[in-house]
């Protein structure tokens, strides 16, 4: 699992800023202006939430090398915590509830991350499953979390930041976009700082890292905490901005695997990888369903679609692991450097 | 913060005046209780001493009653045939193995086991036999990581770009760049460490160990797998390191020719025991050493391989 | 505490748990086979179970005789194993174990999807001819089916143990498990051995699939038994058949006992996560499981 150098370029490389800035401009202006309701509701909103979850998981699994199979549980913690903070404390601004919810997710993350101090690899992965099952059970079993709703469902409140209300699909889109942009920037700052280097050091050679003075215990727990915080907020976005009503079953093992797939396909140990992966994961079922009904007509019902999705997704994972283990981010980077050498600028150091 | 100005001679013989930027004062000579140790005034006082170290794995004896002393600023080699216990010894010194008995005296303080996570702060640095680079980091980042022990900024400070965090980062970067210059690695500083050829990776590991300006540098087979030219270069770097930084160097190595030319004193291990200890000339002539390398077993040996 | 502890009931729950644990062990053994010889933790074992059960049941429902259906399904599983080894695992042969694990994760999706695409998503009942009626044994009610399953498991374990110890192929499996490079140097053909292992694992999946399918019906959730096998492997070590059995027994028994005696304090339903928490607690004391080999990191 080698890291991609693009994120590790030393010092600001002027041309490297062009793409993210351009994308942000498009995201903030063109998409909401020209995008259809369908594009925003069904594509952009889940894309944003899943990308953020991917960014979070990547910090833990990609950079710090701690495999986690329970990320959906932390999304659930975030969503339900935000709901409860917002619902039970009068006058608490929503954005504060969201941040506090992230904090709760971080705390839970540290608790379930403690085994990483003793366990590695498969064993750690198995222990993260404990988080997945336990959290889902707890949220379903104890009605308090969902304000005693019989099915454990929670409804999203009105969205606002600092008094500005975000309503309608475009409003929710902006809400999500602002939060995703801010947290992604934060994650990028961490990843390119000494903390991020400590993550990679612990991943690549824990013994050497310990010996040269990297605080291994603190680093691992910090990875779990930061990652769970971000994933928790992603869960809030999933629940509040996208689905609007959500239940514990929506944060099941399949969802955890989905986020893991996102970062594998997108590129481990990169920030942009989460976005590439989420884009593919969100878009491909739509594409598949169009192709399927085009080719097979009526035979292609939802059951067939579901199963075909599973097959294609699994096959994609295997294909990426074999052919391009560094994911779409690596493919993108190769394309980018080819474009740059054609344009004539010096190739990246 | 200490400033340091050094002259050094490049490999081609020319002398240059190089200013090495400030490095954080290494909190050396500190015991576990935080007291300052008495300064080392006598040249003969060892900077590191192993007293009667024994270590075994299961039933296999790795080290048996090994005592060793290392004087400040010397280049000390530890040699011996395969399985003699050299790596075990280095791992004991770096705190990765706990000896079954015996103690380690570092700067006048005794340890039953060196705390590996505090090794850097105690002034120890090392390279590893099987390379322990962080393959996912660039060369520069690997070397900067050698200063991780001196970092005090938190992740928040770093993420927000607070002045303290930025200064630490700048200092580390400067220091790392200087060391890369010293080892002629500037050309590859932005390449992923895992993408370099073997010989260069070894040099990067040396850089990472050196950047902390350690008091004691442990080199575990630094020339393994190198060509003759690369070995000469590495020997040159090792010599220069001692000349310029005054680092005490403990060297595990197979290539006896290199060792003879490079070291001040040599200890010879065989089957976990020290069989000779002295200057290169003394060791070369020692019958016990010759026997060990020719594989002549002694009566009281277990004959176990490690 | 009640005045007279209902020992009979306790024994019943315990026995039920132990027998249920045997079923877990069956699944775990399939994992162990593959892990022992190639270091791969095959998450797709559950999907293979589902595929086997579904294929068999669909053939039988279409009028194919029992034995023939069994034979065909076995052939299909063997073919699947060989294909998986060739297409998925061989290209990934030098990658770190976690990469292989994720590949098997992807593989499980492929096999699950293919199974249901091929045979449909309805639930099927699987009749092996053994009725699930309880019969009484000194006042304790034991399920006849569970006993049958244990018997099958015992036979399979005995067979595998003998196979590993006394046949040439079994010997080469153990050689490969011990040291792949050394095995290569003595001339063992690794790809062929791995293909055989995957085929054997497919057979184990078939047996387990049939038993589980008969017990709880053949449906998608069958592939989730893999999630029950993981704590078993954690306890028993990933590379030990004996460990898989002991681990399965412990997990099965503790799960049932916990559900009955402790579950009420939590409002029930703790079976879903209890095994994991137990395994986790255990790991913190012994990071490589009961029987697993301690990995010594060479610096």
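Where a number appears in this text, it was derived from the coordinates with a stated rule and is not lab data. If you're wondering where the values come from, they're calculated on a predicted model, not measured in any experiment. We place every Cβ from the backbone using ideal geometry, glycine too, and count neighbours over all the protein chains shown.
Let me know the shape class of segment A:119-188, please: from the alpha-carbon gyration tensor, a ≥ b ≥ c as square roots of the eigenvalues, rounded when a/c is under 1.5, otherwise prolate if a/b is greater than b/c, or oblate. If you can, show how the numbers build up before the last one.
Values: a/c = 3.73, a/b = 1.33, b/c = 2.80.
Oblate, since a/c reaches 1.5 and b/c is not below a/b.
Need the full-extension length gain, residue A:287 to residue A:89, defined as separation in residues times 0.36 nm minus the C-alpha distance. One decimal, nm. List each step's numbers first, then the result.
Numbers: separation 198, 0.36 × 198 = 71.28 nm, distance 4.33 nm.
Stretched fully, the residue A:287-residue A:89 segment lengthens by 67.0 nm.
Looking at the protein assembly as shown, send over the antiparallel percent of its DSSP beta bridges, to the nearest 5. Walk me through the numbers before you get to the answer.
Numbers: 39 of 56 bridges.
Around 70 percent antiparallel, to the nearest 5.
Just to be sure I understand the model, the point goes 7 Å from the Cα along the line to the Cβ. What's the resulting residue A:331 to residue C:67 distance in nm?
According to this spin-label approximation, the distance is 5.1 nm.
Under a plain spin-label model, where a point goes 7 Å from the Cα along Cα-to-Cβ, how far apart in nm are residue A:299 and residue A:155?
It works out to 4.5 nm between the two label points.
222 nm [θ] for chain A, helices only, -39500 (n - 2.57) per DSSP H run of 4+, per residue, to 500? Present the calculation step by step, with values, prior to reporting the outcome.
Values: 14 runs with 229 residues, N = 349.
Computed mean residue ellipticity for chain A: -22000 deg cm²/dmol.
Using only Cα atoms, locate the centre of segment A:32-46 and the centre of segment C:1-68, then give the distance between them in Å, rounded to an integer.
Rounded to whole Å, the Cα centres lie 46 Å apart.
Most mobile of C:211, C:50, C:171 per a Gaussian network model of chain C (Cα springs, under 10 Å)?
Highest fluctuation among the options: C:171.
When a/c reaches 1.5 or more, the comparison of a/b and b/c decides; with that in mind, is chain C rounded, prolate or oblate per its Cα gyration tensor?
Details: a/c = 1.78, a/b = 1.26, b/c = 1.41.
Because a/c hits 1.5 or more and a/b fails to exceed b/c, chain C counts as oblate.
For a footprinting-style exposure proxy, rank A:90, B:291 by other Cβ within 10 Å, fewest first.
Details: A:90 6, B:291 14.
So the ranking, lowest neighbour count to highest, is A:90, B:291.
Assuming 0.36 nm per residue, please report the length gained on full extension of the stretch residue C:171 to residue C:277 beyond their Cα-Cα distance.
Numbers: separation 106, 0.36 × 106 = 38.16 nm, distance 3.63 nm.
So the chain would gain 34.5 nm between residue C:171 and residue C:277.
Could you tell me how many degrees, from 0 to 90 and to the nearest 10, lie between the Cα long axis of helix C:144-166 and the main elongation axis, the longest principal axis, of the Cα atoms of chain C?
30 degrees
Please find the FRET efficiency linking residue B:279 to residue C:192, where r is the Cβ-Cβ separation and R0 is fixed at 56 Å, and quote it to the nearest 0.05. Intermediate values should be presented prior to the final figure.
Values: r = 58 Å, r/R0 = 1.04.
For R0 = 56 Å, the calculated efficiency reads 0.45.
Give the residues of segment A:236-263 whose amide nitrogen is closer than 18 Å to a point set 7 Å from the Cα of residue A:38 in the direction of its Cβ.
The answer is none.
For a quick protection proxy, order the peptides A:111-124, B:258-271, B:49-62 by their average other-Cβ count within 10 Å, most packed first.
Values: A:111-124: 19.2, B:258-271: 21.1, B:49-62: 16.7.
Result, highest mean Cβ count within 10 Å first: B:258-271, A:111-124, B:49-62.
For chain C, what is the mean residue ellipticity at 222 nm derived from helices alone (per DSSP H run of n ≥ 4: -39500 (n - 2.57); sum divided by total residues; nearest 500 deg cm²/dmol)?
Working: 12 runs with 206 residues, N = 299.
Result for chain C, helices only: -23000 deg cm²/dmol.
For a quick check: sort A:40, A:154 by the number of other beta carbons within 10 angstrom, fewest at the front.
Numbers: A:40 20, A:154 24.
With the fewest neighbours first, A:40, A:154 line up as A:40, A:154.
Normalising by the residue count of chain C, find the relative contact order in percent from Cα pairs under 8 Å and 6+ residues apart.
Working: 430 pairs, mean separation 105.2, N = 299.
Across chain C, relative contact order equals 35 percent.
Taking the beta-carbon count within 10 Å as an exposure proxy, list B:128, C:220 from fewest neighbours to most.
Final ranking by Cβ density, sparse to dense: C:220, B:128.
Please work out how much length the chain gains when fully extended from residue B:260 to residue B:130, using 0.36 nm per residue of separation minus the C-alpha to C-alpha distance, in nm with one decimal. Write out the running numbers ahead of the final one.
Details: separation 130, 0.36 × 130 = 46.80 nm, distance 2.33 nm.
Computed gain between residue B:260 and residue B:130 is 44.5 nm.
What FRET efficiency do you get for residue B:60 and residue A:342 if R0 is 51 Å and r is their Cβ-Cβ distance, rounded to the nearest 0.05? Before the final figure, lay out each step's value.
Values: r = 61 Å, r/R0 = 1.19.
Efficiency, from the Cβ-Cβ distance: 0.25.
Kindly state, to the nearest 0.05, the FRET efficiency for residue C:154 paired with residue C:285, given R0 = 25 Å and r defined as their beta-carbon distance. Before the final figure, lay out the partial values.
Values: r = 29 Å, r/R0 = 1.18.
So, using R0 = 25 Å, E works out to roughly 0.25.
Which part of segment A:173-215 falls in the paramagnetic zone of residue B:156, meaning amide N under 19 Å from the point 7 Å along Cα-to-beta-carbon?
A:182-196
Tell me the relative contact order for chain A as a rounded percent, counting alpha carbon contacts under 8 Å between residues six or more apart. Walk me through the intermediate numbers first.
Values: 527 pairs, mean separation 106.2, N = 349.
It rounds to 30 percent for chain A.
Which of the three applies to chain A, rounded, prolate or oblate, going by the alpha-carbon gyration tensor with a ≥ b ≥ c and a/c under 1.5 meaning rounded? Could the numbers behind the result be given before it?
Details: a/c = 1.33, a/b = 1.10, b/c = 1.21.
Cα axes put chain A in the rounded bin.
Just report the Cα centroid separation between segment A:147-225 and segment A:51-110, whole Å.
7 Å
Using 7 Å Cα-to-Cβ label points, what is the residue A:185/residue B:167 separation (nm, one decimal)?
With each label placed 7 Å out from Cα toward Cβ, I get 2.6 nm.
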